[in-house]
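For reference, the structure discussed in these notes is given below.
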Amino acid sequence: MTEIKPQSSHWGAFEAVVRDGRLVEARPFARDPSPGALLLSMPDAVHSAARIDRPYVREGWLKGGRRGSPRGGDAFVPVSWDQAIRLVAEETARVRAEHGHPSILGGSYGWSSAGRYHHARTQLHRFLGLGGGFTAQVTNYSYGAGMTLMPHILGTNEVIQGRVTDWADIARHAKLMLCFGGLPAKNGLVTSGGMGAHEYLPLMQRAAEAGVRFVNISPFRGDTEAVLGAEWVPIRPNSDAAMVFAMAHVILDAGREDRDFLARCTVGFDRFADYVLGRADGIPKTPDWAAALTDVPAATIRRLALEAAGAPTMTTATWSIQRAEHGEQPWWALVAFAAMLGGIGKPGQGIGFGYGSMNGMGTPREELPAVAGVPVRNPVGAYIPVARITELLERPGQILQYNGRDLLLPDIRMIFWAGGNPFHHHQDLGRLLRGWNRADTVVVQEPWWTSVARHADIVLPATTTLERNDIASSSRDRFVRAMHQAIAPVGLARNDVDILADVADALGYRSAFTEQRDEGAWLAHMYGTWRRACAERGIEVPDFAEFWETGFVEVPAPASGYTQFAEFRADPDANPLDTPSGKVEIFSSTIAAFGYEEVPGHAVWQAPREWLGSPLAERFPLHLLSFQPATRLHGQLDVGRVAAASKIKGREPILMHPEDAAARGLSDGQVVRVFNDRGAIAAGLRVTSDIRRRVVAMATGAWWNPAQAGDPGAPCIHGNPNVLTQDVGTSRLGQGSAAQSCLVEIAPWPGEPPPVTVHAPPPVTTA
Ligand SMILES: Nc1nc2c(c(=O)[nH]1)N[C@H]1C(S)=C(S)[C@@H](COP(=O)(O)OP(=O)(O)OC[C@H]3O[C@@H](n4cnc5c(=O)[nH]c(N)nc54)[C@H](O)[C@@H]3O)O[C@H]1N2
Ligand SMILES: Nc1nc2c(c(=O)[nH]1)N[C@H]1C(S)=C(S)[C@@H](COP(=O)(O)OP(=O)(O)OC[C@H]3O[C@@H](n4cnc5c(=O)[nH]c(N)nc54)[C@H](O)[C@@H]3O)O[C@H]1N2
Ligand SMILES: [Mo]
């Protein structure tokens, strides 16, 4: 018998086609104009051998191994659900009593499910918050540095997260779009919370047809699609700020800056201009100065700057640009540059970050919140910027400087993760594992034997979205999608929320956690809250019963384009920005007062420790970029056919220029060893002239497969770039991830590489 159920995922809405209790196909939602290929991997993933079939406990933990006990190398012992719940409840109670709530790390960063009720992280925060609190994680890996900076200088994070000036507006009014980091098609495959329609590529294509000229300023030609006909400017990684200063120099030199806008709408421009002209430090930031740092010819920099001054221009940078040491600087410089052009708040012009980073950025839509779960306040004030997790684990009792504050790092005894994978997302994994091993106990809820589950003490098998009812929703998308349970839970898997309700029960607060609502009542409650928010904005949507029956709601797109900052531009006194001055802070006294020498009061050029300009490049002469995968979502769907088809002899591909390959005697299709002082990984070599010389690039997301499980120094035989990436904060201001500042060398893999084993379950013992 075949059944068809409405469903959704971060990579798109679909109809779940179910035969004999198994998902056989994820058929794209009929309203999606360009569904991506990732849905093909769903049946593989949902019924994968890598699903966790039942609860387990690490053997060493059962035998008493707590703080300092190595994780990742032991066998797992199967336990009953009753036993597992009891162990988690007892250990949670013990840690709370003996060490206090801040000793539980419950930040649990990660993408988990598109369904908003069963969103594991939200539910875990409810559970821990109601029980007394936890050490939280703030900001994100996506744009952590940028989201700390922008409130100081533009007074909002809307310029990163949306609502940004939409593509309809750009198509109608812009003539030039300068894209630092390009507009990579692969990034449009996903929206956090799911989407009814992939409109990313069609929208930019329409802008190109309407006459917008695109410039792809990136080390990788593939960061724009051929249909856009973009000019490629192959820049050196981490040098974007230098190029922007030089463009600012050209504008000043030609007297083309918009004096009226700068005077009315910004503060601190003169100090920035002094810096650019070299009055402050004796170094004029000329195109020749920048050419040596960026490898972009001075003539190109000059031409692009004058072109931008002469035509309506939208300036954008991908989120990746700030995921590097001093990643705040290129973004701040771009805001200053866009202000000089005077386009901020003009239709189709100005600045927006992330048009190239995710589907939904710039998609025309009404201003509406998403359907969302109900968070609980965390009674504990302790937190870290998310990407400082290893420091948290390494140096309890010490201070971490962040955004003008001194954070006291708690002593973490228990790590509780549901819906994220730090051994996917964090940098320098060997170092992370050494810090991780300092915990007494690690509890992980996961559907699959991902690397976070493999490095846990208590492993609780979670259902996937197919195994429960939910609602998918994103503030970036016009569609709200019903997700009907399509299959029974796989193995003994249980819903995250039901697992946590049972632990809360054992600890005496089940009804506070559930608010005595079951799944159906929560969905109706969440939808009802959203429906009222729509009504307040004059938008009528059907009631819950009709929505659930139809399977989706579409909120029609507004008729006219949206221009961000239009009111501010028209009357900055009546509509000030939420900054101290109410204006664009090209110079920020607040930031200057923090006294961080690496982040003075305006954007400056700061060379990172690891880039092609540093002394370390003599030993490790290649800059490694680790971008988002076209074949999966981070580590999710790595067990699917789409990811498998892209691998080379089972290893994640790495892109390299033909001349760099020839210089090392390497050829396309070969397994190579990528290494630096932090470690080594295997990768499959793909030789292409689409990547500039001395830069290599590979996607994140191949599951970490250390050659010896549990050994933090072992090479990864599968190709997880985070073995190699540098774990430093972007700066003390943003403390974001600096994954893109990383140097490596590449050699042939010696001999035959060992087989990849990480897609099969780890050893199990009944001893
Ligand atoms: N080198 C490098 N590293 C990076 C980046 C980079 O550019 N370069 N990018 C960074 C960025 S931007 C991000 S956002 C992060 C992403 O990092 P993560 O969000 O941590 O990565 P995912 O693999 O999506 O992890 C989500 C996990 O949740 C699990 N999961 C899915 N559904 C459920 C569920 O219903 N319940 C439970 N309990 N679990 C579920 C999945 O199996 C998966 O293991 O990575 C960061 N890391
Ligand atoms: N298919 C798919 N799409 C995704 C995701 C996924 O896992 N899979 N993840 C989603 C998530 S969580 C996020 S946060 C976004 C991330 O969005 P981004 O961070 O913008 O995406 P990346 O792919 O890391 O980087 C985009 C491009 O930036 C270029 N680049 C890197 N460093 C530099 C530099 O220093 N200078 C310049 N000029 N260019 C540089 C690289 O060539 C890279 O291809 O993607 C989202 N989209
Ligand atoms: Mo992200």
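The values are calculated or read from the model by the stated rules, or taken from the named source; none is laboratory data. Being a predicted model, the structure only gives us computed values, none of them experimental. Positions of Cβ are generated from backbone atoms using ideal geometry, with glycine treated the same way; all protein chains shown enter the neighbour counts.
Residue by residue through region 428-442, note down the ones that are under 23 Å from the mean Cα position of the chain (by Cα) and either assigned to a loop (DSSP other than H, G, I, E, B) or within 24 Å of Ala50 (Cβ to Cβ) (or both). Spell out the reasoning first.
Of all residues in region 428-442, those under 23 Å from the mean Cα position of the chain (by Cα) come to 428-433, 435-436.
Within region 428-442, Asp428, Leu429, Gly430, Leu432, Leu433, Trp436 qualify.
Report, ordered by the first and then the second residue, all pairs with beta carbons closer than 8 Å, sequence separation of six or more or different chains, a first member in region 169-193 that is closer than 21 Å to Ser473 by Cα and in a loop (DSSP other than H, G, I, E, B), and a second member that is more than 12 Å from ligand 2 (Cβ to nearest atom) and among the polar types (S, T, N, Q).
Partner pairs satisfying both residue conditions: Thr191/Ser474; Ser192/Ser474; Gly193/Ser473; Gly193/Ser474; Gly193/Ser475.
Hey, can you tell me all the residues within region 633-645 that are near ligand 2 (Cβ under 8 Å from one of its atoms) and at positive phi?
Of everything in region 633-645, just one residue is near ligand 2 (Cβ under 8 Å from one of its atoms) and at positive phi, namely His634.
Those residues that are within 24 Å of Ala290 (Cα to Cα) and over 25 Å from the mean Cα position of the chain (by Cα), I need them from region 586-604; list them, please.
Within region 586-604, the subset within 24 Å of Ala290 (Cα to Cα) is 586-587, 597-604.
Ile586, Phe587, Glu597, Pro600, Gly601, His602, Val604 - these are the residues of region 586-604 that are within 24 Å of Ala290 (Cα to Cα) and over 25 Å from the mean Cα position of the chain (by Cα).
Looking for something assigned to a helix (DSSP H, G or I), assigned by TED's automatic domain parsing to the domain that holds Gly348 and either modelled with pLDDT of 95 or more or not basic (Lys, Arg) (or both) - is there at least one such residue anywhere in region 208-215?
We begin by selecting, within region 208-215, every residue assigned to a helix (DSSP H, G or I); these are 208-209.
Remaining after also requiring assigned by TED's automatic domain parsing to the domain that holds Gly348: 208-209.
Right, trim to either modelled with pLDDT of 95 or more or not basic (Lys, Arg) (or both) and you get 208-209.
Within region 208-215 (the criterion being assigned to a helix (DSSP H, G or I), assigned by TED's automatic domain parsing to the domain that holds Gly348 and either modelled with pLDDT of 95 or more or not basic (Lys, Arg) (or both)), the answer is yes, since at least one residue qualifies.
Does Ser646 fit the bill of being surrounded by fewer than 18 Cβ atoms within 10 Å (Cβ to Cβ), away from ligand 3 (no atom under 16 Å from the Cβ) and under 23 Å from the mean Cα position of the chain (by Cα)? Even if it seems obvious, please write down each step before you answer.
On the way: surrounded by fewer than 18 Cβ atoms within 10 Å (Cβ to Cβ): yes; away from ligand 3 (no atom under 16 Å from the Cβ): yes; under 23 Å from the mean Cα position of the chain (by Cα): yes.
Considered against the rule, which asks whether it is surrounded by fewer than 18 Cβ atoms within 10 Å (Cβ to Cβ), away from ligand 3 (no atom under 16 Å from the Cβ) and under 23 Å from the mean Cα position of the chain (by Cα), Ser646 comes out as yes.
Only one of these conditions is not met by Leu393: (1) within 16 Å of ligand 1 (Cβ to nearest atom); (2) closer than 22 Å to Glu91 by Cβ. Which number is it?
(1)
Is one or more of the residues making up region 85-104 surrounded by 21 or more Cβ atoms within 10 Å (Cβ to Cβ), within 30 Å of Gly640 (Cβ to Cβ) and among the small types (Gly, Ala, Ser)?
Within region 85-104 (the criterion being surrounded by 21 or more Cβ atoms within 10 Å (Cβ to Cβ), within 30 Å of Gly640 (Cβ to Cβ) and among the small types (Gly, Ala, Ser)), the answer is no, since none of the residues qualifies.
Go over the candidates Asp660, Asp727 one by one and state the one that is outside any loop (DSSP other than H, G, I, E, B) and closer than 21 Å to Phe627 by Cβ. Lay out the reasoning, then the answer.
Numbers: Asp727 fails: outside any loop (DSSP other than H, G, I, E, B).
Checking each option against the conditions leaves just Asp660.
Of the residues Gly640, Gly669, which is surrounded by 21 or more Cβ atoms within 10 Å (Cβ to Cβ) and either at pLDDT 95 or above or not basic (Lys, Arg) (or both)? Break it down stepwise before answering.
On the way: Gly669 fails: surrounded by 21 or more Cβ atoms within 10 Å (Cβ to Cβ).
Only one candidate passes the filter, namely Gly640.
Taking the residues in region 614-632 that are part of a loop (DSSP other than H, G, I, E, B) and more than 8 Å from ligand 2 (Cβ to nearest atom) as candidates, determine which candidate is farthest from Thr318 (Cα to Cα).
Of all residues in region 614-632, those part of a loop (DSSP other than H, G, I, E, B) come to 614, 619-621, 628-632.
Filter again for more than 8 Å from ligand 2 (Cβ to nearest atom), leaving 614, 619-621.
On the way: Ser614: 24, Arg619: 29, Phe620: 26, Pro621: 25 Å.
The selected residue is Arg619.
Identify, from the list Ala84, Ala93, the residue that is among the hydrophobic types (A, V, I, L, M, F, W, C), in contact with a Leu (Cβ under 7 Å, 6 or more places away or on another chain) and within 16 Å of ligand 1 (Cβ to nearest atom). So that I can check it myself, show each step before the final result.
Working: Ala93 fails: within 16 Å of ligand 1 (Cβ to nearest atom).
Matching residue, one of Ala84, Ala93: Ala84.
Quick check on region 708-744: of everything there that is of a type in the set (Gly, Ala, Ser) and under 19 Å from Val452 (Cβ atoms), which residue is farthest from ligand 2 (Cβ to nearest atom)?
First pass over region 708-744, keeping only residues of a type in the set (Gly, Ala, Ser): 709-710, 713-714, 719, 729, 731, 734, 736-739, 741.
Those left that are additionally under 19 Å from Val452 (Cβ atoms): 709-710, 714, 719, 737, 739.
On the way: Ala709: 25, Gly710: 27, Ala714: 25, Gly719: 15, Ser737: 10, Ala739: 8 Å.
Per the stated criteria, the residue is Gly710.
Given the conditions (1) more than 16 Å from Leu105 (Cα to Cα); (2) of a type outside the set (Val, Ile, Thr); (3) within 16 Å of ligand 3 (Cβ to nearest atom), which single one is not true for Pro385?
(1)
Within the group Gly255, Gly278, which residue is in contact with a Pro (Cβ under 7 Å, 6 or more places away or on another chain), free of Cβ contacts under 8 Å to residues at least 24 places away in the same chain and surrounded by fewer than 24 Cβ atoms within 10 Å (Cβ to Cβ)?
Answer to the check: Gly278.
crowded, with 23+ Cβ neighbours inside 10 Å and assigned to a helix (DSSP H, G or I): does that describe Ala290? Break it down stepwise before answering.
Numbers: crowded, with 23+ Cβ neighbours inside 10 Å: yes; assigned to a helix (DSSP H, G or I): yes.
Answer is yes for this residue.
Is there any pair with a first residue in region 102-117 that is over 15 Å from Leu637 (Cα atoms) and a second that is more than 11 Å from ligand 1 (Cβ to nearest atom) and small (Gly, Ala, Ser) whose Cβ atoms are under 6 Å apart and which are 6 or more apart or on different chains, and what are they?
As it stands, the answer is Pro102/Ala382; Gly107/Ala136; Gly115/Ala472; Arg116/Ala372; Arg116/Gly373; Arg116/Ser473; Tyr117/Gly373, since those pairs meet every condition given.
Hey, any hits in region 354-369 for a residue that's under 24 Å from Asn187 (Cβ atoms), in contact with a strand residue (DSSP E or B) (Cβ under 9 Å, 6 or more places away or on another chain), in a strand (DSSP E or B) and at pLDDT 95 or above?
no
Got a sec? Which of Ala504, Ala545, Ala524 is within 22 Å of Val444 (Cα to Cα), more than 29 Å from the chain's Cα centre (by Cα) and not in a loop (DSSP other than H, G, I, E, B)?
Values: Ala545 fails: within 22 Å of Val444 (Cα to Cα); Ala524 fails: within 22 Å of Val444 (Cα to Cα).
Only one candidate qualifies: Ala504.
Within region 739-753, identify whether any single residue is within 20 Å of Trp436 (Cβ to Cβ) and modelled with pLDDT of 95 or more, and answer yes or no.
Taking region 739-753 and keeping what is within 20 Å of Trp436 (Cβ to Cβ), we get 739.
Of the ones still in play, those that are also modelled with pLDDT of 95 or more are 739.
Yes, because at least one residue in region 739-753 is within 20 Å of Trp436 (Cβ to Cβ) and modelled with pLDDT of 95 or more.
Any idea how many residues of region 151-198 are over 17 Å from the mean Cα position of the chain (by Cα), away from ligand 1 (no atom under 16 Å from the Cβ) and within 25 Å of Leu341 (Cα to Cα)?
The total comes to 23.
Here is a list: Arg632, Arg619. Which entry is of a type in the set (Lys, Arg) and within 16 Å of ligand 3 (Cβ to nearest atom)? Steps first, answer last, please.
On the way: Arg619 fails: within 16 Å of ligand 3 (Cβ to nearest atom).
So the residue among Arg632, Arg619 that is of a type in the set (Lys, Arg) and within 16 Å of ligand 3 (Cβ to nearest atom) is Arg632.
Picking from Val696, Val756, which residue would you name as being in contact (Cβ under 8 Å) with a residue 40 or more places away in the chain, out of contact with any Pro (no Cβ under 9 Å at 6 or more places or on another chain) and in a loop (DSSP other than H, G, I, E, B)? Full working, then the answer.
Details: Val696 fails: in a loop (DSSP other than H, G, I, E, B).
When all the criteria are applied, what remains is Val756.
Restricting the search to region 310-341, which residues are away from ligand 3 (no atom under 16 Å from the Cβ) and in a loop (DSSP other than H, G, I, E, B)?
Scanning region 310-341 gives Ala311, Pro312, Glu325, His326.
Considering (1) surrounded by fewer than 24 Cβ atoms within 10 Å (Cβ to Cβ); (2) in contact with an Asp or Glu (Cβ under 8 Å, 6 or more places away or on another chain); (3) not acidic (Asp, Glu), say which one Ile321 fails and leave the rest.
(1)
Go through region 706-727 and give me each residue that's within 15 Å of ligand 1 (Cβ to nearest atom) and within 30 Å of Ala75 (Cα to Cα).
Of everything in region 706-727, those that are within 15 Å of ligand 1 (Cβ to nearest atom) and within 30 Å of Ala75 (Cα to Cα) turn out to be Cys716, His718, Gly719, Asn720, Pro721, Asn722, Val723, Leu724, Thr725, Asp727.
Confirm whether Gly132 is surrounded by 24 or more Cβ atoms within 10 Å (Cβ to Cβ) and small (Gly, Ala, Ser). Working first, answer last.
Values: surrounded by 24 or more Cβ atoms within 10 Å (Cβ to Cβ): no; small (Gly, Ala, Ser): yes.
The answer is no for Gly132.
Please find, among Ile415, Ile344, Ile389, the residue that is in a loop (DSSP other than H, G, I, E, B), crowded, with 24+ Cβ neighbours inside 10 Å and more than 16 Å from ligand 2 (Cβ to nearest atom). Even if it seems obvious, please write down each step before you answer.
Numbers: Ile415 fails: in a loop (DSSP other than H, G, I, E, B); Ile389 fails: in a loop (DSSP other than H, G, I, E, B).
Answer to the selection: Ile344.
Would you be able to say whether some residue in region 442-458 is under 21 Å from Gly551 (Cβ atoms) and either among the polar types (S, T, N, Q) or within 12 Å of ligand 1 (Cβ to nearest atom) (or both)?
Let us first name the residues in region 442-458 that are under 21 Å from Gly551 (Cβ atoms), namely none.
Taking every residue of region 442-458 in turn, none turns out to be under 21 Å from Gly551 (Cβ atoms) and either among the polar types (S, T, N, Q) or within 12 Å of ligand 1 (Cβ to nearest atom) (or both).
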